[in-house]
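What follows is one structure encoded as structure tokens, with my remarks underneath.
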Amino acid sequence: MHASVEAVALVPVLAVAYAFAVRSRRPGRGEIAAAVLALALVFAAFATELQPFALHTFLWAHLLQNVVLAEWAPALLVLAVPPALAAHAAGFPLLRPLVTLPVWLVTYFAWHLPWVYDFALRHPHSLLHVEHVTYLAAGLGLWWPVLRGAYSSGVKAAYLFAAFVLASPLGLVLALVPRAIYSFYAHAPRTWGPSPLADQQIAGVTMAVEEAAVFFAVFVFYLRRFLQEEQLEGAFDELRAAR
């Protein structure tokens, strides 16, 4: 096992925080399963062979960890919040779409600036942990309006489409730029695996495909729901007019 602070400290802290938060609002089985899966994903990302790969050799491994922290685990943790508990956060200004999406985008893009990315990797016992915690916090904010916000399906679909369109250029840039842009990985010692440029291309394509699969799929779900609601409302309007 290659345990890191995220695996041995962050995961237990999240587990205790979740248990404390839901102590008066008993979660259902699905919500508990979402919480367990989120914690398992974070643990697996930082306690398996992926951790030394990310710290020393491969960009694709580091980006996979970032995806877990910024997208997958936060979505599951938000789903793990019981609706009755989530209702208490309704109207909280920092959880509004016009706040959460820009914060997530700025966090995601800022940490991927080459000099910031390299600097964090050269300080794995301090700044890299800050990077990971901010990814998780921004990800929780990103998914809250969609999964627990009291917004219409149309608003949620538009929000997800904006997230998909605005975030996707990062993966495409990494996949298409003709040189390795992160010096940390460009000069990392390699005894096997892809070259630095191929590693970056794999990472970029993986990120682009992952974002398309996640954001676009959820966008389609809410778009279909919006169209169904509009169709149902139109039928009710026709029925009232006929009377």
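Each value in this text was obtained by applying a stated rule to the coordinates, not by laboratory testing. Because the structure is a prediction, the values reported are computed rather than measured. Note that each Cβ is placed from the backbone with ideal geometry, even for glycine, and that neighbours are counted across all protein chains shown.
Once the C-beta distance of residue 225 and residue 99 is scaled by a Förster radius of 25 Å, the resulting FRET efficiency is 0.60 to the nearest 0.05. Among residues other than residue 185 whose Cβ falls under 15 Å from its Cβ, what is the net charge (Lys/Arg +1, Asp/Glu -1)? With Lys, Arg at +1 and Asp, Glu at -1, the net is +1. Residues of segment 1-45 falling in the label zone of residue 210, defined by backbone nitrogen less than 14 Å from a point 7 Å along Cα to beta-carbon, are 41-45. Against the main long axis of the alpha-carbon atoms of the chain, helix 29-47 sits at an angle near 10°.
When shorter helices are ignored and each DSSP H run of at least 4 residues is given -39500 (n - 2.57), the per-residue value for the chain at 222 nm works out to -22500 deg cm²/dmol. As I understand it, the value is the acute angle between the Cα axis of helix 217-242 and the longest principal axis of the Cα atoms of the chain; what does it come to in degrees, rounded to 10? So the inclination is approximately 10 degrees.
How do 36, 11 line up, fewest other C-beta atoms within 10 Å first?
Values: 36 14, 11 21.
Ascending number of Cβ neighbours within 10 Å: 36, 11.
Rg/Rh for segment 1-83 stands at 1.03; both radii use Cα atoms, and Rh follows the Kirkwood definition. Which of 38, 128, 203 sits closest to the plus end of the dipole of the chain, meaning its Cα is farthest towards the positive end, when Lys and Arg get +1 and Asp and Glu get -1 on the C-beta? Selected residue: 38. Which angle between 0 and 90 degrees, to the nearest 10, do you get for helix 11-21 versus the longest principal axis of the chain when only C-alpha atoms count? Orientation of helix 11-21: about 20 degrees from the principal axis. Taken over the alpha carbons of the chain as equal point scatterers, the Debye sum produces base-10 log I(q)/I(0) values at 0.07, 0.14 Å⁻¹ of -0.27, -0.96.
Could you line up 96, 224 from fewest to most neighbouring Cβ atoms inside 10 Å? Kindly include the intermediate steps, with their values, before the conclusion.
On the way: 96 15, 224 12.
Going from sparsest to densest Cβ surroundings: 224, 96.
Take the convex hull of the alpha carbons in segment 13-132; its mean projected area over all directions comes to 8.2 nm². Working from label points 7 Å from Cα in the Cα-to-Cβ sense, the residue 88 to residue 19 distance is 1.8 nm.
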